[in-house]
Each structure stands twice: as C-alpha cells, then as structure tokens.
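Engineer: Quick one: the structure is below, and I'll ask about it shortly.
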Amino acid sequence: RRCTKSTLVKGIDIPEDTVIMVDVMSLHFDPELWGPVDPNEFYPPRHEVKRNPLAFMAFGNGPRNCIGMKFAMLELKIALCKLLLNVEFSPSSNTPKNLELTEIFVRRPK
C-alpha cells in the first residue's frame, strides 16, 4: 500500500507517498496477541479465545485482500483431513525444536 497523506502513527511520522507493508510475521508470533503460552509452541486451545480479527492476516485484509482466500482455506482443510486420515505423524530424532521461518513473498522454512 501507499500512504495517501502524511500521518502520525504511535509517534512515527509517515510522509505522503511512502510505501507501507505490514510485518505479518511479527504479528503472527506476537506473545501479547497469542500468549500466555509461547506462540512458537503448538497449543490448539489458544484459538478458543476471541481475538482481534486482524491478529491473523494470512490473506491480508480490507477490500484488496486475497481473492483466492476461500478456495485456499477449503483446499487446506481438505488436504489436512486427507493427511490426518492416511498418515501417522511422530517426531524423529532429527525433528527441530523450533522451526525458523523466513518471509519474502511467502512464508517458508529457513
């Protein structure tokens, strides 16, 4: 996105025509939003708590969010169901404790 008029956000001056990008990776791993359990740990009960809808922005937000979001979510759910029905998951001795991620255009393992 591009800033259409100069503005001040939390003490930061953003001049007009500045290109702005949300740091989604930091947002998705913010302990204040996803705590009290470490956001890097697998902990499904954390999703029982109501949060701000902007706390998870995998597909962007607003009028220009991803047009393929509904299809991608449906595809993801079907793939997950097929995996859970047909594959048994167990950690190996080579399983890393923390998965390091990097984000350029898409998020992927480092």
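The values are calculated or read from the model by the stated rules, or taken from the named source; none is laboratory data. Owing to the predicted nature of the structure, the values given are computational and were not obtained by experimental measurement. Every residue, glycine as well, gets a Cβ built from its backbone with ideal geometry; the counts of neighbours run over all protein chains shown. Accessible surface is based on the protein model in full, side chains and every heavy atom, while ligands, DNA and RNA are left aside. Shrake-Rupley method; radii C 1.70, N 1.55, O 1.52, S 1.80 Å.
Engineer: Which condition from (1) closer than 19 Å to I104 by Cα; (2) open to solvent by less than 70 Å² (accessible area, probe 1.4 Å) is the one that C3 breaks?
Structural biologist: Among (1) closer than 19 Å to I104 by Cα; (2) open to solvent by less than 70 Å² (accessible area, probe 1.4 Å), the lone unmet condition for C3 is (1).
Engineer: Yes or no: G62 surrounded by fewer than 11 Cβ atoms within 10 Å (Cβ to Cβ) and at positive phi? First the steps, then the outcome.
Structural biologist: Details: surrounded by fewer than 11 Cβ atoms within 10 Å (Cβ to Cβ): yes; at positive phi: yes.
So G62 fits the description; yes.
Engineer: Something else about it: In the range 55-110, which residues are of a type in the set (S, T, Y) and touching a Leu at 6+ places or on another chain (Cβ under 7 Å)?
Structural biologist: Those that are of a type in the set (S, T, Y) and touching a Leu at 6+ places or on another chain (Cβ under 7 Å): none in the range 55-110.
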